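One structure is given here, and the rest of the page talks about it.
The values are calculated or read from the model by the stated rules, or taken from the named source; none is laboratory data. Keep in mind that what you see is a predicted model, and the values were worked out from it rather than measured. A quick note on method: Cβ atoms are made from the backbone with ideal geometry, for glycine too, and the neighbour counts reach across all protein chains shown.
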Amino acid sequence: MEFITLFGPPKKKEPTVFEKIKEAVGKTKENFTEQLEELLQGRKEIDAGMLAEIEAIMIGADIGVNTTTEILASIRAQVSRQTLSDPTQLKNAIKEELRRILKVNYAPPRQVEEGNPFVLVMVGVNGVGKTTTIGKLANRFRKDGKSVMLCAADTFRAAATEQLEIWATRSDVPIVKQKAGADPSAVLFDALQSAKARKIDYVIVDTAGRLHTKNNLMAELEKMTRIAKREVPGAPHEVLLVMDATTGQNGLTQAKEFTKTAGVTGLVLTKLDGTAKGGVVTAIARDLKIPIRFVGVGEKMDDLIEFSADDFVDSLFAA
């Protein structure tokens, strides 16, 4: 029963970042950690059969064949050296291997010269949640006291600018746009000129949902990168590839093409709360060798959180 007081109903306590990610990986925990714990229960020694079962569990959680092979090779080496012999220690050993893989690629974002905006270019195929991510990022930066401008450089799809305008209104930030079919590089040029004049802190650039097979669109992205560099020293300071965590390993092929062409510097994984195969986070980090910057853990404006390897791994194994 909820009691109403003189001061109104009691305020709900906002969940911490760790609580949010713990809730988001709940399905993965059932699919991975709980199966692992069940397997290890009551076992007295680490043998080949047990490691084969662990391999199946890890691949089932979408940790990926290559990543699983790498982790189990390390475990087998520890067993061989007799530094690992007790099954109760196995969970911690796997935990540390996951943590190591997720941390190895971390690189800080590029620095910005004073008086210039930090330019983020957002790339990714249609349907991964790119526009929503832009809105959530704008909201996040605004809450940190920074000024933000959106650049509607996806002129390929008529509805893209309208969707971005909705997020600009929700986040209370200005947007630079042109008519459908306009040159995306021209829109970017206008946005950067305006941002410099208005001393904007962040410019977030939306781009068309390019498929890696469309070479002309990839060439267009390269042109936008040249424009950004010319107008703002060191720009783009971050090229974020948005990926849908629910697509799992299937998204990796396209992601590899983007990283080759678009100079991707960081990843955003959306819909982590919607998959039982969150182990793909580790596979992506290992295969792409690019740091994960943010993860989407829900539909609210505040449900885009900065990725922490420690929080992710700890939440997977938390009681």
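Where helices (runs of 4 or more DSSP H) sit wholly within the stretch 192-308, those with at least 3 residues that are farther than 26 Å from Arg100 by Cβ and in contact with a helix residue (DSSP H, G or I) (Cβ under 7 Å, 6 or more places away or on another chain) occupy 215-231.
Can you name the residue in the stretch 179-191 that is among the aliphatic types (A, V, I, L, M) and not in a helix (DSSP H, G or I) and, of all such residues, is modelled with the highest pLDDT? Top of the filtered list is Ala182.
Among residues of the stretch 90-110 that are farther than 17 Å from Gln41 by Cβ, those with a Cβ under 7 angstrom from a residue that is of a type in the set (Lys, Arg), sequence gap 6+ or separate chain, pair up as Ile101/Arg286; Asn105/Lys289. Residues in the stretch 116-127 that are out of contact with any helix residue (DSSP H, G or I) (no Cβ under 8 Å at 6 or more places or on another chain) and assigned to a loop (DSSP other than H, G, I, E, B) were compared, and the one that is surrounded by the most Cβ atoms within 10 Å (Cβ to Cβ) is Asn126.
Only one residue in Thr155, Thr133, Thr169 is out of contact with any Leu (no Cβ under 8 Å at 6 or more places or on another chain), outside any loop (DSSP other than H, G, I, E, B), on the phi < 0 side of the Ramachandran plot and of a type in the set (Val, Ile, Thr), so which one is that?
Values: Thr155 fails: outside any loop (DSSP other than H, G, I, E, B); Thr133 fails: out of contact with any Leu (no Cβ under 8 Å at 6 or more places or on another chain).
Sole residue among the options that is out of contact with any Leu (no Cβ under 8 Å at 6 or more places or on another chain), outside any loop (DSSP other than H, G, I, E, B), on the phi < 0 side of the Ramachandran plot and of a type in the set (Val, Ile, Thr): Thr169.
All conditions in (1) part of a helix (DSSP H, G or I); (2) on the phi > 0 side of the Ramachandran plot; (3) among the charged types (D, E, K, R) hold for Arg100, with the sole exception of (2).
Restricting the stretch 38-81 to residues that are assigned to a loop (DSSP other than H, G, I, E, B) and aliphatic (A, V, I, L, M), which is surrounded by the fewest Cβ atoms within 10 Å (Cβ to Cβ)? Looking at the filtered set, the residue picked out is Ile46.
Determine, yes or no, whether Thr246 is buried (at least 22 other Cβ atoms within 10 Å of the Cβ), touching a Ser or Thr at 6+ places or on another chain (Cβ under 6 Å), farther than 16 Å from Ile204 by Cα and not basic (Lys, Arg).
Considered against the rule, which asks whether it is buried (at least 22 other Cβ atoms within 10 Å of the Cβ), touching a Ser or Thr at 6+ places or on another chain (Cβ under 6 Å), farther than 16 Å from Ile204 by Cα and not basic (Lys, Arg), Thr246 comes out as no.
If you go through the stretch 169-189 and keep only what is under 10 Å from Ala152 (Cβ atoms) and out of contact with any helix residue (DSSP H, G or I) (no Cβ under 8 Å at 6 or more places or on another chain), you end up with Ala182, Val187.
Within the stretch 154-185, the set of residues being within 21 Å of Thr225 (Cα to Cα) and hydroxyl-bearing (Ser, Thr, Tyr) comprises Thr155, Thr161, Ser185.
Residues considered: Ala168, Ala158, Ala186. Of these, the only one that is surrounded by fewer than 20 Cβ atoms within 10 Å (Cβ to Cβ) and farther than 23 Å from Gly234 by Cα is Ala158.
Yes or no: the stretch 17-35 includes at least one residue that is under 30 Å from Ile290 (Cα atoms), in contact with a Pro (Cβ under 9 Å, 6 or more places away or on another chain) and at pLDDT below 85. Checked the stretch 17-35: no residue is under 30 Å from Ile290 (Cα atoms), in contact with a Pro (Cβ under 9 Å, 6 or more places away or on another chain) and at pLDDT below 85. The number of residues in the stretch 13-40 that are without any contact (Cβ under 8 Å) to a residue 40 or more places away in the chain and polar (S, T, N, Q) comes to 2.
Among the candidates Thr161, Thr169, Thr207, Thr155, single out the residue that is out of contact with any strand residue (DSSP E or B) (no Cβ under 9 Å at 6 or more places or on another chain), of a type in the set (Ser, Thr, Tyr) and under 22 Å from Thr133 (Cβ atoms).
Values: Thr161 fails: out of contact with any strand residue (DSSP E or B) (no Cβ under 9 Å at 6 or more places or on another chain); Thr169 fails: out of contact with any strand residue (DSSP E or B) (no Cβ under 9 Å at 6 or more places or on another chain); Thr207 fails: out of contact with any strand residue (DSSP E or B) (no Cβ under 9 Å at 6 or more places or on another chain).
Step by step, each of Thr161, Thr169, Thr207, Thr155 is checked, and only Thr155 is out of contact with any strand residue (DSSP E or B) (no Cβ under 9 Å at 6 or more places or on another chain), of a type in the set (Ser, Thr, Tyr) and under 22 Å from Thr133 (Cβ atoms).
Checked against (1) modelled with pLDDT under 90; (2) surrounded by 19 or more Cβ atoms within 10 Å (Cβ to Cβ), Ala276 passes all but condition (2).
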